[in-house]
Amino acid sequence: MFHREDLNAVRRRLFQHHDEGVSIPQIHSALAAERNGVENFPVSERKLRNVVDKEKRLKMMEGDANAMAAYFHRMRMRSTQRVESMNSFFDKYLKKQTRLYEFVQQYCKAMERRAEDEKQADADSARFCHQLVSDFPIERVFQKIYTSAKFVEVQQECMKNLYVSIVGCKVVDENVLEYTIEDRVWVRDPNTRKDVPTCRKREYEVKYNSNSYEAWCVCKLMESSGIICRHIITVFEKNDVEEVHDMFILRRWRKDDFVVQNKYRR
């Protein structure tokens with residue numbers, strides 16, 4: 001038989017695991033396993049889900065944007081460079097005093113403004129080019145094909161390349177080499193919101209196919225942000241690569257794609 005103390009303990013465990021990102025079915029299975037099976041655990045999966053949903057509704061009924069911020073914080077949304085940028089943008093439209101009924105209207109205004117800014121940035125990219133910051137052939141390629149905003153991110157990787165060096169290389173397959181790259185540990189300055197190097201160092205592995213010019217880095221910058229990383233740029237420089245494989249060029253950031261899309265919109 002379940003007592004109130006047992007139910008309170010289940011409730012605490014439920015919210016603890018849910019805040020950590022564990023799904024309701026997984027939580028239910030874990031709680032049931034602790035009590036030697038589902039037959040000894042009278043709380044159903046549906047009941048757990050209803051408790052979580054009720055908690056969400058109560059939070060949303062607090063009446064202001066702080067409730068929403070508190071809820072998302074509980075969901076452990078990690079602050080990344082992209083999230084910091086978005087937070088800075090929305091700060092212009094959403095304040096701590098923003099009431100819940102005002103949130104949707106202000107959010108729509110913010111998104112309309114962001115869409116206009118992106119449209120203007122794409123238009124500027126079609127007309128202007130940033131100056132090169134290095135003599136890397138890779139940078140010159142992206143200068144010609146990428147939009148202004150995304151090309152700046154490529155340039156940041158080129159500049160960080162000053163702190164990168166190759167410390168090892170081995171053959172792992174036919175035409176495939178694995179390079180060990182030494183780099184500084186970079187951190188985000190909370191005041192300038194820019195990346196700065198520390199004195200600490202770490203190593204990354206880059207696999208490079210000398211036949212196809214494909215490359216993969218364990219830092220996963222390409223996969224997460226759509227930008228070629230400084231470690232791969234270093235390997236390309238080592239092998240005198242001047243062509244960029246299609247895997248590193250995303251259509252969304254191409255200047256010519258913007259021109260074509262804009263033409264058809266008209």
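The values are calculated or read from the model by the stated rules, or taken from the named source; none is laboratory data. Quick caveat, the model's predicted, so the values are computed rather than measured. A quick note on method: Cβ atoms are made from the backbone with ideal geometry, for glycine too, and the neighbour counts reach across all protein chains shown. Surface areas here come from the heavy atoms of the whole protein model, side chains and all, with no ligands, DNA or RNA. Shrake-Rupley method; radii C 1.70, N 1.55, O 1.52, S 1.80 Å.
Some points to look at:
Condition check ((1) farther than 30 Å from ASP256 by Cβ; (2) modelled with pLDDT of 95 or more) across all residues:
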site	(1), (2)
ASP135	no, no
PHE142	no, no
THR198	yes, no
ALA215	no, yes
PHE236	no, yes
ASN239	no, yes
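- Pairs where the first residue, in the stretch 175-191, is on the phi > 0 side of the Ramachandran plot and the second is surrounded by fewer than 11 Cβ atoms within 10 Å (Cβ to Cβ) and in a loop (DSSP other than H, G, I, E, B), C-beta under 9 Å, 6+ apart: ASN175/ASN211
- Helices (runs of 4 or more DSSP H) wholly inside the stretch 124-238 containing at least 3 residues that are closer than 25 Å to ARG251 by Cβ, of a type in the set (Lys, Arg) and touching a helix residue (DSSP H, G or I) at 6+ places or on another chain (Cβ under 9 Å): none
- Qualifying residue in the stretch 250-264 (condition: at pLDDT 95 or above and not charged (D, E, K, R)): no
- The residue that is surrounded by the fewest Cβ atoms within 10 Å (Cβ to Cβ), among those in the stretch 228-252 that are within 19 Å of SER148 (Cα to Cα), touching a residue at least 24 places away in the same chain (Cβ under 8 Å) and not β-branched (Val, Ile, Thr), is ARG252.
- Residue match in the stretch 100-111 (condition: modelled with pLDDT of 70 or more, open to solvent by less than 40 Å² (accessible area, probe 1.4 Å), of a type in the set (Gly, Ala, Ser) and touching a Cys at 6+ places or on another chain (Cβ under 8 Å)): no
- Close pairs (8 angstrom Cβ cut-off, 6 or more residues apart or separate chains): more than 18 Å from GLU242 (Cα to Cα) in the stretch 202-221, charged (D, E, K, R) and crowded, with 18+ Cβ neighbours inside 10 Å anywhere: ARG202/ASP183; GLU203/ASP183; TYR204/ASP183; LEU221/GLU157
- Only one entry in ARG184, ARG200, ARG188 is of a type in the set (Lys, Arg), exposed (fewer than 13 other Cβ atoms within 10 Å of the Cβ) and either farther than 18 Å from ILE138 by Cβ or over 20 Å from the mean Cα position of the chain (by Cα) (or both), namely ARG200.
- Count of residues meeting criterion [within 35 Å of the chain's Cα centre (by Cα) and open to solvent by less than 90 Å² (accessible area, probe 1.4 Å)] in the stretch 34-46: 1
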